[in-house]
Amino acid sequence: MKHEELNLAVIGLGYVGLPLAAEFAKSRRVVGFDVDAVRVAELQRGYDRTFELSDAELLGAKGLSLSCDPDDLAACDCYIVAVPTPIDNSNRPDLSSLLSASELVGKMLSPGNIVIYESTVYPGSTEEDCGTVLARCSGLTYAKETMPVGSQVFYLGYSPERINPGDKARKISDIVKLTSGSTPEIANIIDDLYASIITVGTFPAASIRVAEAAKVIENTQRDVNIALINELAVIFEKAGIDTEDVLRAAETKWNFLPFRPGLVGGHCIGVDPYYLTHKAMQLGHNPEIILAGRRINEEMSAYISSRVIKLMLRHDINLLGARILILGLAYKENCPDTRNSKVFDVIASLTDYKCKVDVYDPRVDASDIQLNPNVTLVESPTPAKYDAIILAVAHDEFVSKGTVNIRRYGKPNHVLFDLKYAFEKFETDGRL
Ligand SMILES: NC(=O)c1ccc[n+]([C@@H]2O[C@H](COP(=O)([O-])OP(=O)(O)OC[C@H]3O[C@@H](n4cnc5c(N)ncnc54)[C@H](O)[C@@H]3O)[C@@H](O)[C@H]2O)c1
């Protein structure tokens, strides 16, 4: 079998699935499937609410047919699954979307078909969790070695996604892609398939579990490193030293890693480590550094609020009913995604101090947001209204206009706190 002969379907058309389906659809036919009929209808009109693809890019993906009807998957023989893998309220992996997508695909499978997962999981999940559902729903057997054509088997692959939403410089084809498959032959076909769209090349991992583990440690390593710098930021504040000054000095050494302090939100870096720790605990190992890092990063929202409150008190600002403007609600810069944004926790903590909080984020769709009734998502901040302003997300439109533009929202006696150290120290009243 050659990769060109595969009839592709991409299941889940979010931040990951849509750009992937569109990239393949430049050169082949692809069915893009999503259970969200509203999302599919928007995409059919050429509108991507994640802004990962422009209208022109979407309409230019000529081979892409979009659907929320499982019957449209009937002619497909290779399924790429890119559905969410969040955590529940107790920080345990929530595989419900992954398993329901596997059920849907399982019901469509024919002998010899390939199912490739892109969702982030813990090592073993593709074969043990998803493979089991696929086998039950299809009546086929999961093949770990290549079987003669017509055998009642299906094959698996895993190719984790590494896209960086909002990053227009590093698109899907510019990021090396790990690939893997359940047999050497299937691994080769899957690698060829991705190599046909990834211009910078692919890396065939030694096995599906290796590829799963590699993905989950990429984000875990980042989380732990940020936690270290967050802890240093807390120490340096107590010592009266500016963290950014220290980091700029330290990174003149060739092997000092350029991490920065901050909120760790979103659905990857703050979530994926829990997938790994879940698996570790199943295996009887109690992870220490990973969970310590998670705890430190989770505590940063309350820490940042306390810094801003102290700053206001030092400027003789009465806290009761004080007006605070937060610039940015998305979990990261230049992106409309607010899922698991830690700015929500900063807001909650500030409203606990009886402050009144307005949030301004021109990238975010207000209809998607559930805010505490005391908090307003403003369309445009009112000048001279605020006692404190927090730059929480370094969207280009905030940073490029500079602090003079931002400070015009403040009352004559106000403080500006730069959570993203986007400005020079002398331009703000405090920074992380
Ligand atoms: N967004 C990122 O930056 C990023 C980067 C790398 C990896 N990942 C991983 O990729 C996976 C997908 O993330 P995302 O950000 O694209 O999620 P997303 O929420 O943006 O999109 C997921 C899509 O899947 C659809 N969906 C949910 N259940 C479905 C089902 N049973 N059948 C069909 N469609 C279904 C949803 O309607 C949604 O449109 C996750 O595992 C995530 O951790 C995400």
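The values are calculated or read from the model by the stated rules, or taken from the named source; none is laboratory data. Values in this document were obtained by computation on a predicted structure and should not be read as measured data. No Cβ is skipped: glycine too gets one built from the backbone with ideal geometry, and neighbour counts run over all protein chains shown.
Residue-by-condition table, conditions (1) assigned to a loop (DSSP other than H, G, I, E, B); (2) polar (S, T, N, Q):
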| residue | (1), (2) |
| --- | --- |
| F203 | no, no |
| A214 | no, no |
| T220 | no, yes |
| N286 | yes, yes |
| I304 | no, no |
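Only one of the numbered conditions (1) within 12 Å of the ligand (Cβ to nearest atom); (2) surrounded by fewer than 20 Cβ atoms within 10 Å (Cβ to Cβ) is violated by M108, and that is (2).
Which ranges mark the helices (runs of 4 or more DSSP H) fully within region 1-104 that have 1 or more residues being within 8 Å of the ligand (Cβ to nearest atom)? Hits in region 1-104: 17-24, 37-44. Going by the conditions given, is N334 within 16 Å of the ligand (Cβ to nearest atom), farther than 27 Å from Y122 by Cα and outside any helix (DSSP H, G or I)? It is true that N334 is within 16 Å of the ligand (Cβ to nearest atom), farther than 27 Å from Y122 by Cα and outside any helix (DSSP H, G or I).
Put simply, of R209, R248 the only residue that is modelled with pLDDT of 95 or more, surrounded by fewer than 20 Cβ atoms within 10 Å (Cβ to Cβ) and closer than 27 Å to A82 by Cα is R209.
The number of residues in region 124-168 being part of a helix (DSSP H, G or I) and hydrophobic (A, V, I, L, M, F, W, C) comes to 5.
Scanning region 105-122 for residues that are assigned to a helix (DSSP H, G or I), more than 14 Å from V10 (Cβ to Cβ) and touching a strand residue (DSSP E or B) at 6+ places or on another chain (Cβ under 9 Å) yields a single hit, G106.
Among the residues of region 223-276, those that are part of a loop (DSSP other than H, G, I, E, B), touching a residue at least 24 places away in the same chain (Cβ under 8 Å) and small (G, A, S) comprise G262, G265, G266, G270.
Contact map, region 124-150: first residue of a type in the set (S, T, N, Q), second residue crowded, with 19+ Cβ neighbours inside 10 Å and part of a loop (DSSP other than H, G, I, E, B), Cβ cut-off under 8 Å, separation 6 or more or different chains; pairs are S125/L95; S138/L109. The residues listed here are T183, T179; of these, the one that is among the β-branched types (V, I, T) and within 28 Å of the chain's Cα centre (by Cα) is T179.
Looking at region 409-426, is at least one residue of a type in the set (D, E, K, R), within 23 Å of D242 (Cβ to Cβ) and in a loop (DSSP other than H, G, I, E, B)? Looking through region 409-426, at least one residue is of a type in the set (D, E, K, R), within 23 Å of D242 (Cβ to Cβ) and in a loop (DSSP other than H, G, I, E, B). Screening D316 on (1) surrounded by fewer than 14 Cβ atoms within 10 Å (Cβ to Cβ); (2) outside any loop (DSSP other than H, G, I, E, B); (3) in contact (Cβ under 8 Å) with a residue 60 or more places away in the chain shows it passes everything except condition (2).
Would region 366-382 turn up any residue that is within 16 Å of the ligand (Cβ to nearest atom), over 20 Å from R407 (Cα atoms) and touching a residue at least 12 places away in the same chain (Cβ under 8 Å)? Yes: region 366-382 contains one or more residues that are within 16 Å of the ligand (Cβ to nearest atom), over 20 Å from R407 (Cα atoms) and touching a residue at least 12 places away in the same chain (Cβ under 8 Å).
Among the residues of region 281-318, those identified as within 23 Å of the chain's Cα centre (by Cα), aliphatic (A, V, I, L, M) and under 19 Å from N89 (Cα atoms) are I290, L291, A292, I296, M300, A302. Checked against the criterion of being charged (D, E, K, R) and over 21 Å from R307 (Cα atoms), the candidates E218, E231, E244 yield just one match: E218.
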